[in-house]
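Beneath this line is the structure, given in structure tokens, with notes to follow.
Values quoted throughout were computed directly from the atomic coordinates according to the rules given, and no laboratory measurement underlies them. Because the structure is a prediction, the values reported are computed rather than measured. Methodologically, a virtual Cβ is constructed for each residue, glycine included, from the backbone with ideal geometry; neighbour enumeration extends over all protein chains shown.
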Amino acid sequence: MKNLIAGNWKMNGTLDGARALIADIVNGLDAYDDVKKKCDILCCPPFLYIPAVRHSLHSVNYVSFGGQDCSAFDNGAHTGDVSAEMLKDSNCEYVIVGHSERRQYQDESDKTVQKKAEQTHKNNMCAIICVGELESQREAGQEQHVVREQILNSLPKASTPENTVVAYEPVWAIGTGKTASPADINEMHNFIRDLLREHYKDGHAIRILYGGSVKPDNAEEILSIENVNGALVGGASLDAKSFIAIAKAA
Ligand code: PGA
């Protein structure tokens with residue numbers, strides 16, 4: 001299975017900064033043919049910077065781009081929303097849905113996340129569906145229960161390896177510098193793999209990314225764990241050198 005290294009730029013940077021970052025990523029990867037061959041590399045800029053990133057990537061076939069979210073609705077009276085159709089129209093290939101920051105700060109439920117993933121599928125893009133437990137839930141031993149519910153209620157029934165990637169991101173590891181231990185990651189990714197096998201078509205081949213403070217110095221260890229098929233990278237994706245180092249580790 002090809003690893004996916006996905007950068008989530010979140011709400012960071014400026015237009016000039018986005019142009020510089022994508023140029024540095026493209027130029028930095030240029031010499032690494034094996035990385036380009038063995039990894040899918042994705043950048044998810046803020047919506048407003050997608051046209052600039054698209055422009056910078058027009059003749060580049062080894063970096064894709066996508067949205068960080070999309071509307072749960074087709075179109076119409078949804079002020080401030082961006083539809084999956086608009087992202088597709090802008091040549092996006094992926095959409096991140098159900099990131100914990102949206103679940104937490106925008107009160108997104110599993111049902112909402114599922115609708116967003118369905119919109120993504122309907123527009124022939126791949127949904128990166130995020131799941132993960134809070135620290136208090138892990139302390140209470142509920143992490144598998146929480147992740148199971150999120151997966152079964154957020155992934156559309158028609159999820160396949162072509163249209164869906166699952167990202168396991170323990171909420172307490174995001175942006176904190178804390179990562180789950182390799183043993184915990186291993187256990188959770190095996191648990192998710194079994195769930196996907198049981199409930200989804202070709203679930204054995206749906207990629208499962210790990211996310212939460214992935215950095216160049218821990219990437220190799222994390223990416224070598226069974227059933228870790230890539231990484232969703234926040235902070236370290238804002239630095240081209242770090243992002244490329246993570247792709248090289250994969
Ligand atoms: P982080 O973010 O790498 O900064 O922890 C990961 C994410 O939120 O996807």
(request) List every residue pair whose Cβ atoms lie under 8 Å apart, where the two residues are 6 or more positions apart in sequence or sit on different chains, the first residue falls within region 165-181 and is within 12 Å of A231 (Cβ to Cβ) and of a type in the set (S, T, Y), and the second residue, located anywhere, is more than 9 Å from the ligand (Cβ to nearest atom) and part of a loop (DSSP other than H, G, I, E, B). (result) Y168/G132
(message) So T79 ticks every box in (1) β-branched (V, I, T); (2) surrounded by 14 or more Cβ atoms within 10 Å (Cβ to Cβ); (3) over 16 Å from M11 (Cβ atoms) but one. Which box is left unticked?
(response) (2)
(request) Out of P182, P216, report the one residue that is of a type outside the set (K, R) and surrounded by 16 or more Cβ atoms within 10 Å (Cβ to Cβ). (result) P216
(request) Give region 163-187 a look and list any residue that's touching a helix residue (DSSP H, G or I) at 6+ places or on another chain (Cβ under 9 Å) and more than 16 Å from the ligand (Cβ to nearest atom), or say none. (result) N163, T164, P182, E187
(message) Take the conditions outside any loop (DSSP other than H, G, I, E, B) and either touching a helix residue (DSSP H, G or I) at 6+ places or on another chain (Cβ under 9 Å) or under 14 Å from F243 (Cα atoms) (or both) and apply them to G7. Does it pass?
(response) yes
(message) If a residue must be near the ligand (Cβ under 9 Å from one of its atoms) and without any contact (Cβ under 8 Å) to a residue 40 or more places away in the chain, how many such residues does region 201-235 contain?
(response) 2
(request) Check Y105, Y62 and return the single one that is of a type in the set (S, T, Y) and either more than 24 Å from G230 (Cα to Cα) or in contact (Cβ under 8 Å) with a residue 40 or more places away in the chain (or both). (result) Y105
